[in-house]
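Read the figures in this text as sums done on the coordinates, not as results from a lab. These numbers come from a predicted model, not from an experiment. Note: ideal-geometry Cβ built from the backbone for every residue, glycine included; neighbour counts use all protein chains shown.
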Amino acid sequence: MKALPLVGVLLLVLGVLSFVVPIPSREDHSVKIGDAKIGVQTESSQKLPPAVGIVLLAGGVVALVLGLRKT
């Protein structure tokens, strides 16, 4: 099987997942004085901007069309 259709399917899957699955992030705000460490750790999850998903979907469609086109 050709590589271009596989790349197209992968881009389509990643594009759909970018709309659904949030990306977790963790921030650590701490101060270390000697052996003691005082801090706060925050966790949040954010989705990617919709433009990223649209670009991934469009790239997947283009790759599929080019890969499945007969020459």
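Summary table below
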| quantity | calculated |
| --- | --- |
| Residue in region 1-17 that is of a type in the set (D, E, K, R), over 12 Å from residue 53 (Cβ atoms) and part of a strand (DSSP E or B) present | no |
| Filter result for the condition that a residue is β-branched (Val, Ile, Thr) and under 21 Å from residue 69 (Cβ atoms), over 20, 9, 40 | 9 |
| Count of residues meeting criterion [in contact (Cβ under 8 Å) with a residue 40 or more places away in the chain and either among the polar types (S, T, N, Q) or touching a Leu at 6+ places or on another chain (Cβ under 6 Å) (or both)] in region 14-56 | 3 |
| Some residue of region 1-11 being of a type in the set (Val, Ile, Thr) and without any contact (Cβ under 8 Å) to a residue 24 or more places away in the chain | no |
| Selection count, region 28-59, where residues are closer than 30 Å to residue 15 by Cβ and in a strand (DSSP E or B) | 5 |
| Residue among 48, 66, 56 that alone is of a type in the set (A, V, I, L, M) and touching a strand residue (DSSP E or B) at 6+ places or on another chain (Cβ under 9 Å) | 48 |
| Unique match (being among the hydrophobic types (A, V, I, L, M, F, W, C), over 12 Å from the mean Cα position of the chain (by Cα) and surrounded by 14 or more Cβ atoms within 10 Å (Cβ to Cβ)) among 65, 40, 7 | 7 |
| Options 45, 30, 18; residue that is surrounded by 14 or more Cβ atoms within 10 Å (Cβ to Cβ) and among the polar types (S, T, N, Q) | 18 |
